[in-house]
Amino acid sequence: MSAVIIDDKIVHYEVLGRGKPIIFLHGWVGSWRYWIPTMQAASTSYRAYAIDLWGFGETAKESQKYSLEQQTELLDTFMNAMGIGKVALIGHGLGGVVALLYANKQSFVVDRVMLVGLPVALDDLFERFGSTVPSDLSSRLLDQNPGADVARSEALKADEKAIRISLEDLKYIDLLEMSKQISAASLIVHGLNDPVIGVPDLSSNGDLPSMLHHIVFNESGHFPMLDQPNKFNRLVNDFLDLEPGESPQRLQLKEEWKRRIR
Amino acid sequence: MAKILIAEDERDIRDLITFTLRFAGHEVVATSNGEEAFLRTQEVKPDLILMDVRMPRMTGYEVCKKLKEIRELRHIPVVFLSAKGQEAEVQAGLEAGAVEYILKPFAPDQLTERVNALLEKYKPSGESIETPW
């Protein structure tokens, strides 16, 4: 395992590939590990990092660091420690919130941001979660998906406080408005059958800014990267392959991605 | 194939790692204490060092710190073998200059997979690992 020391505590990360840097940020259930297939697909052309946020996976469990502000600060400090300049962020759930907050705060270093399972509709978010106990969430969200074994075992390592505190912080943030304000190319992705993150009808919110796009996986739950990995990985690669400054609105779901062999 | 130096004072673990990595096609130099590891590293200049923390004569930390003081050896990635639940040990290892740690116990196939990934990750290359957006 790779780790850096931040504020005298261990922060675990992994990295694959060579190329432009991407950072994957996990959600409320699991750790960096469920990004492995996506990282592997992306690492043929990009340098793919993934970190465990405070309180998750192998990173230190320090309850005073569980606020969204501190998790965002972790991303910033990690990038400085690694010497990462401009970056693409791909976040899921909590990781999506952190990616969005970071893109909003440090817009000049974020080239593009993909937000999976972003809890745009906060009205009944707490009711939908029901419990913040890692084992309960793991049971509900990972269902019987055989490809989710790694995420299931990693989910139990999380500190329940890290989940609860970050959810409480969300009450004060308008994520939809924030996502409309960032200038980087942004792609919001939801799973239609996600039991905790409601799928917003973004078409009813007027025209989205030209640099923002919304895609729904009709056959996925909370983990589209595990439920439909081929489609998901292809979408990630298509998003990463956009030219700098190009709108993501032409992106759509396509079948399995295959690299051309010359 | 790569040249890997192992420093592990427990014979059974040392033999298991040696056998596993040789079976995977690597050249393995096995040492049983910190001092021997330090001296042999200077002789063989391995591509990777896998080192236990608690060893007789010199600890893994001491070896790692001394290696990082030697210009022609400081680039060699050092990975500590650390028992699960010893977070303080891991942290001290990273501060001593190790790049990673592998938690014990581990299955032989996991070790091979991990070592191959580490060799790929830290292989010297003229190419830039990271390119700008």
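Every read-out reported here was derived from the displayed coordinates using simple, explicitly stated rules and does not represent laboratory data. Predicted model, so just to flag it, every value in this text is computed and none were measured. Every residue, glycine among them, receives a Cβ derived from its backbone with ideal geometry; neighbour counts consider all protein chains shown.
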Around residue B:132, with a cut-off of 10 angstrom between Cβ atoms, what is the net charge of the other residues, counting Lys and Arg +1 and Asp and Glu -1?
0
Taking the Cβ of each residue in A:210, A:131, A:138 as the centre, tally the other Cβ atoms inside 10 Å and list the residues starting with the fewest.
A:210, A:131, A:138
For the stretch A:2-247, what is the charge dipole size about the Cα centre, in debye to the nearest 20, if Lys and Arg each add +1 at the Cβ and Asp and Glu each add -1 at the Cβ?
560 debye
In nm, to one decimal, how far is the modelled label at residue A:128 from the one at residue B:57, with both set 7 Å along Cα→Cβ?
6.2 nm
Express in % the proportion of alpha carbon pairs of the stretch B:14-124 at distances exceeding 25 Å.
13 percent
How many Å³ per residue does the convex hull of the Cα positions in the stretch A:135-223 occupy?
125 Å³
Here the averaged projected area of the stretch A:1-59, based on the convex hull of its alpha-carbon atoms and given in nm², is 3.9 nm²
Rounded to the nearest 0.05, what FRET efficiency is calculated for residue A:246 and residue B:87 with R0 set to 45 Å and r the Cβ-Cβ distance?
0.55
Given charges at Cβ of Lys, Arg, Asp, Glu: the stretch B:3-121 dipole, positive-most of B:42, B:102, B:18
B:42
With chain A treated as a Gaussian network of Cα nodes joined by springs under 10 Å, which of A:251, A:187, A:89 yields the largest mean-square fluctuation?
A:251
Relative contact order in percent for chain B (Cα pairs under 8 Å, 6+ apart) equals 22 percent
Compactness check, the protein assembly as shown: C-alpha Rg relative to the 2.2 N^0.38 Å globular estimate gives 1.03
Using a 10 Å cut-off around each Cβ, can you sort A:9, A:254, A:65 from fewest to most neighbouring Cβ atoms?
A:254, A:9, A:65
Formal net charge of residues neighbouring residue A:50 (Cβ-Cβ distance under 13 Å; K, R +1; D, E -1)
-2
With an 8 Å cut-off on Cα pairs and a minimum separation of 6 or more residues, tell me the relative contact order of chain A in percent.
19 percent
